[in-house]
Amino acid sequence: MSAVAVLSLVGASVEWFDFFLFGTAAALVFPRAYFPASADPFLATLSSFAVLGVGFLARPLGGIIWGHLGDRMGRKATFLAALMTMATASVLIGLLPTYAATGVTAPILLTVLRFAQGLAIGGQWGAAVLLATEFAPKHRRGFYGSFAQVGVPVGVLLGVVAFFLLGTSMTPTAFTSWGWRVPFLLSAGLVGVAIYARKRLDDTPAFRKLQLLAAELPARRRSPVVEVMRRHWGRVLLAGGAFMVINTAFYIYSTFLLTYGTKTAHISQTTMLMATARRSWTSTVRALRRTRCSVAPTTPRRRSPRAPR
């Protein structure tokens, strides 16, 4: 069980590392690299953030697609496919020519690859949580399920630290020209995670039980996604809206502030990345503390008997 939890954490960390790399690059590099040099800087930055937003439009679609496949093909297959999709999209971003080389094709391809990243993260996080919780004992599902969520701040921290180290070890011209590509190319490490998971993981007991039930019961005409949206659409909208509030504030801090700090407040890129790294480190420590507190009690609490009056 510990191996499954660690794999869930590592997979989520590297996956979110790739996803958040794009946000940092969208704030610092992409406005100059993938949009016309003659364009207004404000419009170029706005266009860069619009491409970043495409990933968020793709995430719920990815959750629907991968969730449907996960119920049909298994959690393991879905987890591996999402990892490979993210690795492929991120490496291709690292190899993508700039606007100066290919013209308008560059931002179009960048948008397509960002959409692929959104699809991948929409399925990987849910698959990682399911792998951890469906393998876990009933009284420790909260604990093991939280490992995938810890991967979110860890991924942010790794991405910011990567840009910080590259930015301080080379000239600004070299960083803008090719240095920013290095973290995206390192995303090929997800392939190693996928290969390890393929060898060490089996499908969860819950999914094997579903397969047995599906073999015994008549075939269902409706997909699970349609059933959820038909019967529980209110809860889906409520959960999605609540999460939207959290994500809006989070990405303002993690991406927009980099642009505002470097271009409007004229704070150095190194200082802004250091501040973001410190915030990510604090979030990681808090997430680890919450993980320790997420262990469900093994026995129900009993009320102490009342003294006779």
Protection proxy ranking of 166-172, 225-231, 104-110, 115-121 - average other beta-carbon atoms within 10 Å, highest first: 115-121, 104-110, 166-172, 225-231
Stokes-Einstein translational diffusion, the stretch 52-159 - Kirkwood Rh over all Cα pairs, 0.692 mPa s, 37 °C, in µm²/s: 219
Gained length - residue 112 relative to residue 191, 0.36 nm times residue gap less alpha-carbon distance: 26.4 nm
Charge tally in the Cβ shell below 12 Å around residue 19, where Lys, Arg are +1 and Asp, Glu are -1, residue 19 excluded: 0
Relative contact order for the stretch 1-156, counting Cα pairs under 8 Å that sit 6 or more residues apart, in percent: 43
Descending semi-axes in whole angstrom, ellipsoid equivalent of the chain, from the Cα gyration tensor: 38, 24, 19
Residue exposure sequence - 256, 163, 147 - by fewest surrounding Cβ within 10 Å: 256, 163, 147
Exposure proxy ranking, count of Cβ atoms within 10 Å, fewest first, for 253, 34: 253, 34
Sum of side-chain charges, residue 93 neighbourhood, beta-carbon under 13 Å (Lys, Arg +1; Asp, Glu -1): +1
Tally of Lys pairs whose C-alpha atoms are under 27 Å apart, taken over the chain, 8 or more apart or cross-chain: 6
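In deg cm²/dmol, rounded to 500, what helix-only [θ] at 222 nm does the chain give when every DSSP H run of at least 4 residues adds -39500 (n - 2.57) and the total is split over its residues?
About -25000 deg cm²/dmol.
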The chain: relative contact order in percent, alpha carbon pairs under 8 Å with at least 6 residues between: 29
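Only the coordinates and a few stated rules stand behind these numbers; no lab work does. This structure is a prediction, so every number in the text was calculated from the model and none was measured. Ideal geometry is used to build each Cβ from the backbone, glycine not excepted, and the neighbour counts take in all protein chains shown.
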